[in-house]
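Chemist: Structure incoming, see below.
The values are calculated or read from the model by the stated rules, or taken from the named source; none is laboratory data. If you're wondering where the values come from, they're calculated on a predicted model, not measured in any experiment. No Cβ is skipped: glycine too gets one built from the backbone with ideal geometry, and neighbour counts run over all protein chains shown.
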Amino acid sequence: MLNTLYPSLLCLQDGTFYRGWSLFRLLVHSGELVFNTGMTGYQEIFTDPSYAGQIVIFTYPELGNTGLNYQDNESRMVYIQALVARNIASASSSWRSSVSLRNFLVSKRLPHIFGIDTRSLTKHIRSRGVMNAVILHPSSYFDLNNPKFNQVNSTNFVNIVTTKNIYYTNLSVNQKNIHSYLTFKDNSISNLQRAYRIVVIDFGIKLNILKKLLGLGCNIFVVPSNCNYETILSYKPDGLLLSNGPGDPVFAKHSIYTVRRLIYFSNIPILGICMGHQILNLAMGADTFKLKFGHRGLNHPVGSFKYSEITSQNHGFAVSKESFLNSKLSNIFRCNSSNLNDLTVATTLHTNIPVFSVQYHPEASPGPHDSDYLFEIFVKLIDLIKLVS
């Protein structure tokens, strides 16, 4: 157990500050301060590219009691800028644990602060909205008016996290590693009638999206966010998936243009998830806006009328419902369901073209599995398009 503690400060852009502790002496670490309400899943949050540039407050008061393992990462890297916790467990008790959270933080030199009132801090963010913050040692100095401190709001994080090279994967690629790293049953794959060629545009892909596609027998080509229309079509895809990712979607101008061409000229089924949902809607002519404090957690209700699903969500931007109502877009592209907490757009569906998108994460792990079926809908839509073409 690590017994040495170092005093630390969390300073918010509005001048509010909190005192806490860290397991090593901090330098100065800045980012956008957001909160996640999930009771579990901290390992997945650390490694989710959608959190690039963000300091994450964990509202659940005890962090680290299940440790970390080698199976649950959502990528190969840690993407969060820093973490904020009420308490970090001194030991982990899960049989799957390979390393304690305390040892992980020290070995990765992952900035953090704990021992603060996260309930008070979260209420402050809910009231004032997300804002930039820094964590640092009390003896350090940082000017909150530093221009570099404010660049987080104008950074194109998709360009930072997207793959630099196109890569291919299926069940036969490095079979041993796939079976040790991905968790699904082989018998569900052997019963499939055909394999699907899927191109995934990587805006910050989570590994579990690839798991879901592999579980449905897909051959997957992952391409960078700046991949052009002709290159994507050269892989002769049966379907296109627009992945999740970080930051403001309006910065991904090249991707929006490419997706617009794919929607109108390819006749290939498209599924957008989170950032992919926002980019697809921007390509259709809708608008997006920044939420006051975002949706980050495992229990967001989504639905319409008397039906709802519990979903995992992680985003700071949303599609503007007014941009549907105040244009001709609603004649061909409709909002199919809403986030039942604040009635923001949760799903969209084209009425004439095989295109749909969701603001939440149907691949959630951990999290609710209410919307797992969307991946099956996606491949069934591919079958239908093949049948009528």
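Chemist: Can you name the residue in region 318-352 that is within 14 Å of Gly272 (Cβ to Cβ) and surrounded by 19 or more Cβ atoms within 10 Å (Cβ to Cβ) and, of all such residues, is farthest from the chain's Cα centre (by Cα)?
Modeler: The residue in question is Phe333.
Chemist: Separate question: Restricting to region 82-99, name every residue that is surrounded by fewer than 22 Cβ atoms within 10 Å (Cβ to Cβ) and either out of contact with any strand residue (DSSP E or B) (no Cβ under 9 Å at 6 or more places or on another chain) or over 20 Å from Cys11 (Cβ atoms) (or both).
Modeler: Of everything in region 82-99, those that are surrounded by fewer than 22 Cβ atoms within 10 Å (Cβ to Cβ) and either out of contact with any strand residue (DSSP E or B) (no Cβ under 9 Å at 6 or more places or on another chain) or over 20 Å from Cys11 (Cβ atoms) (or both) turn out to be Asn87, Ala89, Ser90, Ala91, Ser92, Ser93, Ser94, Trp95, Arg96, Ser97, Ser98, Val99.
Chemist: Within region 18-30, work out how many residues are in a strand (DSSP E or B) and either farther than 18 Å from Asn132 by Cβ or at pLDDT 95 or above (or both).
Modeler: 5
Chemist: Of the conditions (1) crowded, with 17+ Cβ neighbours inside 10 Å; (2) in contact (Cβ under 8 Å) with a residue 60 or more places away in the chain; (3) under 25 Å from Ser389 (Cβ atoms), Leu240 fails just one. Which one is it?
Modeler: Unmet for Leu240, out of (1) crowded, with 17+ Cβ neighbours inside 10 Å; (2) in contact (Cβ under 8 Å) with a residue 60 or more places away in the chain; (3) under 25 Å from Ser389 (Cβ atoms): (2).
Chemist: Before we move on, is Asp383 among the acidic types (Asp, Glu), closer than 27 Å to Gln43 by Cβ and either modelled with pLDDT of 95 or more or surrounded by fewer than 18 Cβ atoms within 10 Å (Cβ to Cβ) (or both)?
Modeler: no
Chemist: Select the strands (runs of 3 or more DSSP E) contained entirely in region 275-389, then report the ones holding at least 2 residues which are of a type outside the set (Val, Ile, Thr), touching a strand residue (DSSP E or B) at 6+ places or on another chain (Cβ under 7 Å) and over 27 Å from Phe265 (Cα atoms).
Modeler: Where strands (runs of 3 or more DSSP E) fall fully within region 275-389 and carry at least 2 residues being of a type outside the set (Val, Ile, Thr), touching a strand residue (DSSP E or B) at 6+ places or on another chain (Cβ under 7 Å) and over 27 Å from Phe265 (Cα atoms), they are 288-304, 307-319, 333-339.
Chemist: From (1) at pLDDT below 90; (2) part of a loop (DSSP other than H, G, I, E, B), pick out the condition that doesn't hold for Gln151.
Modeler: Unmet for Gln151, out of (1) at pLDDT below 90; (2) part of a loop (DSSP other than H, G, I, E, B): (2).
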